[in-house]
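Notes follow the structure.
Just so you know, all these numbers are worked out from the coordinates, no wet-lab data involved. Here the structure is a predicted model, which is why all the values come from computation and not from measurement. A quick note on method: Cβ atoms are made from the backbone with ideal geometry, for glycine too, and the neighbour counts reach across all protein chains shown.
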Amino acid sequence: MAAADQENQDKAVRSRSYKDADYRVYFFDNIGELQKDGVLQDVVLEVEGRRFPCHRLVLSVRSPYFRAMFTSDMAESRQKTVVLQDINADAFEEILNYVYSGTINVPQDKVQPLYQAADLLQLDYVKNACRNYMVTNVDSSSCVDLYRFADFYSLDAVQNRSLQCICRFFAEVSNTEKFYSLSVNQLTEIISYDKLNVKEETTVWEAVVRWVQHSREDRLHHLPSILPHIRFNLMTSDDRAAILDHPLVKENPGNSELRNLAVVGETSDPQRRVGMDAQEMVLLFRTVGTDTSQVLCLNPRSKQYMTYRHGRLGAQRTPDVLAATVTRNNDIYILVEKSTVLLFQYIHLANVWEKKSSFYRETPEHSYHQYTEAARSIPSDVLIEVDGHLYYLAVHILSASRKRRISMVIKKYQCLTDQWQDCSKPKPIPDKQPCNVAVSSGKHLYLITNTEMHRYDPSQDTWCKVTPPSTNLEPCTAVAMGTEIFCTDVAIRKISVYDIEADSWSELPAWSGPNLKPTLFVFEGQLYVCMHDDDHDESIYVYDRSDGAWKYLLTLPDGPWGICGSTLPVARMYVYNPTS
């Protein structure tokens, strides 16, 4: 016996286990093929009249709901066809694809029924995917629906983001049928929010009136509990008197209490709404020195400003801000450079930067490896909105051994999918000088070079040439205002004006001051320029078109402030705390 035991031990020592690293991949690929080919299916799930043949074993492995169904004494465990209630058929089809592939597709118009189905079937991964999709895709058209949905399912992150969006676009969304579907508790939570973006408190009162009148008999009795959340002291005495005289107040049984509330407005002092103090402001980013995490927000007319610290944006060091832009919806985006180029969006009412997708910054060095002596790439990064979409454009100039090669990259950002896509092939050929600027006007993007003018049509993803500047322009900065594009060189020797409708150029009087690097911007319908001198000081001038002259306004505080791109972005800032 001892010899036999020893022999068995020797065999055990000589044995070895091998793990197939690709086993799971092959296993689920084969499972998916069985489903695709309709092989060995042993149950049919019926959803909204549609039949889905599948495998009990696979369903049980992937879903606790199905495991309980098929391994218990429930009638469904013995049935060939199982009818599933309260599930959307299209959503279930996506879930079945996930069960067999491990990949879930979240359609914009099916995210809510998809979450509902995943919640019933206890698929946590699908629920998390839907939640993340909802958080990053809240807009003015979906925020009320998502707010109500998130409130029902206790999705705090979705509810908070939806609430921020409702408050930001309150004047718009409070006129929609979706807003009238809010419960009284949901309505009072919204109108109680300090960060409601309204210029006047009467906007809140008018929204409440519309909500009540949408179902007057059922909602009129809620008015006494709603009105305490309206800030009467932020109204004029005439506005309060008009409310007291409103039929809804007069006819309400609790009108005496309502009258008292309106009177209290004269003495109480509630918080002002954030929209009441919001201002248009020019944004400048600190790009020189040790602390590059600051943003200067400036109102050049009132000469008020605030500094905002954007932090490290998820990096160990504060990354360089390559470009910044503000969309027509007042969304602020910046591009920062780490190992890749990262896009961040500023969430106004949360006062935070949210990380979006990234891409590799393409440079032409790998294509021109023969130019090794003193080779350098001069990039010009632009982030710009064109016809409601975000675009990245960069011109790279490789200079070496007295030779120059150029490369242009243009990418489009898809907000719904949070992805970048390459566009426009072939592209126009920019100048081999660092004097190419891009500007957006209407539904087109314009690339201005020394001797040419190119127009990009995003709807067709095509470029065409338009009338070029009459002389060597050497563009340094350009900005669009109305149907005109203003452009000038680094010394402002002349200001060239392109009329978009007439496809023609004209000139304004030249700059009469010292040669300082300019950056143009438009603020409240007027043309401004920020001038930078060699000591890193920046001054703001406004152009008086009637006099044909630039007029000094102010010097920026605590410089130097860098410029991202060829124009300064202007945004309506809701978090306002003036320091001057």
Fill in the blank from the handout: Stretched fully, the stretch from Q419 through D457 gains (0.36 nm per residue minus C-alpha distance, one decimal, in nm) 11.6 nm
Problem - trypsin sites (Lys or Arg not before Pro) within segment 73-115: DSSP coil, no more than 10 neighbouring Cβ in 10 Å - result: R78, K80
Fill in the blank from the handout: Per the rule of 0.36 nm per residue minus the C-alpha distance, extending E33 to A510 adds in nm 164.6 nm
Exercise for the section: Would you mind putting 229-237, 341-349 in packing order, based on average other-beta-carbon counts within 10 Å, highest first? Expected result: 341-349, 229-237
Completion exercise
If the chain between Y153 and H389 were fully extended at 0.36 nm per residue, the gain over the current Cα-Cα distance would be 81.7 nm
Exercise for the section: Evaluate the distance, in nm, between pseudo-label points positioned 7 Å from the Cα of K443 and of V542 along their respective Cα→Cβ axes. Expected result: 3.4
Problem - Estimated dipole of segment 130-239 in Debye, rounded to 20 [Cβ of Lys and Arg +1, of Asp and Glu -1, Cα centre] - result: 260
Practice task
Be a star and scan segment 68-88 for residues whose amide nitrogen sits under 14 Å from the point 7 Å along the Cα-to-Cβ vector of L120.
Solution key: 82-88
Problem - Sites matching GluC sites (Glu not before Pro) across segment 469-551 that sit in DSSP coil, with at most 12 neighbouring C-beta atoms within 10 Å - result: E501, E524
Problem - Rg/Rg_ref, segment 109-229, where Rg_ref = 2.2 N^0.38 Å and atoms are Cα - result: 1.12
Problem - Rough spin-label spacing in nm, given labels placed 7 Å along Cα→Cβ, for S141 and E177 - result: 1.5
Completion exercise
Computed from the beta carbon distance with a Förster radius of 45 Å, FRET efficiency for D239 and A89 to the nearest 0.05 stands at 0.30
Exercise for the section: For segment 21-136, report the translational diffusion coefficient in µm²/s to the nearest whole number, using Stokes-Einstein at 10 °C, 1.306 mPa s, and a Kirkwood Rh over Cα pairs. Expected result: 108
Practice task
Kindly list the residues of segment 35-69 that lie in the label zone of K80, defined by a backbone N under 14 Å from the point 7 Å along the Cα-to-C-beta vector.
Solution key: 41-45, 53-54
Handout entry: Positive-pole candidate from Q164, I190, Q271, dipole of segment 143-275, charges at beta carbon
Key = Q164
Practice task
Could you calculate the FRET efficiency of K250 with V490 from 1/(1 + (r/R0)^6), where r is the beta carbon distance between them and R0 is 56 Å, rounded to 0.05?
Solution key: 0.25
